[in-house]
Structure formats: C-alpha cells, structure tokens
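The values are calculated or read from the model by the stated rules, or taken from the named source; none is laboratory data. Keep in mind that this is a model prediction, so the values were computed, not measured.
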Amino acid sequence: MFRTTTLAFATAALSMIAGCTDIPQLEQSVSARAQAAPYPALISLETIIASATDDEADKAAAENLATRSSSLRAKAARLSGEVITPDDQSRLTGGTASN
C-alpha cells in the first residue's frame, strides 16, 4: 500500500513538473535566410521515374554490387576455416578427461 501511494505521488509530482517546462519556440531556431527562402519547386512523378531509369546509374549500381558480393564471398571463405586446430582440440579434450 505504501509503495503504491509513493509511486502515485511521484508520478503526479513528475507530471506537474513536466507541465511547468518552458517549450522553446521553433521559429527561433530557423534562420532569417531560411524563412525568406522560396518554396521548393514540385517535380512531377513522371520526371522522377524518368531520371530513375538512367542506364549509367544501373551499371554503376550493378558493378558496386558485384564488387561487394565478391568481397563478402572472400571474407566468408576466410571465416569458414577451422576455429580450433586438431592439436588444440585434443589438448582441450584431454584436459577435461583427466578431471
């Protein structure tokens, strides 16, 4: 009972304190130059789609993916080796068998 009352009182006190907080005005954080800037021009969806189908970008992306793929395959090959050598394995097994 005491713990519940204390928790309720603490929650109420924190809520009141949070209500007294000064909230900064967002307009003060925007520079005068940004406020005076013109609204950006809107571009049609067809223009965006036409620029997205650029063959040069597709070729560069494919080359980038091929390079990354071969790099990751080489890394996977290096990591796929044995973690514990046979000598270490027998030493570890022998250490547990003698106890």
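Within the stretch 1-15, track down each residue that is assigned to a helix (DSSP H, G or I) and hydrophobic (A, V, I, L, M, F, W, C). It would help to see each step written out before you state the result.
Kept after step one, since they are assigned to a helix (DSSP H, G or I), are these residues of the stretch 1-15: 2-15.
Phe2, Leu7, Ala8, Phe9, Ala10, Ala12, Ala13, Leu14, listed by residue number.
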Out of the residues in the stretch 29-45 that are outside any helix (DSSP H, G or I) and among the hydrophobic types (A, V, I, L, M, F, W, C), state the one that is modelled with the lowest pLDDT. Val30
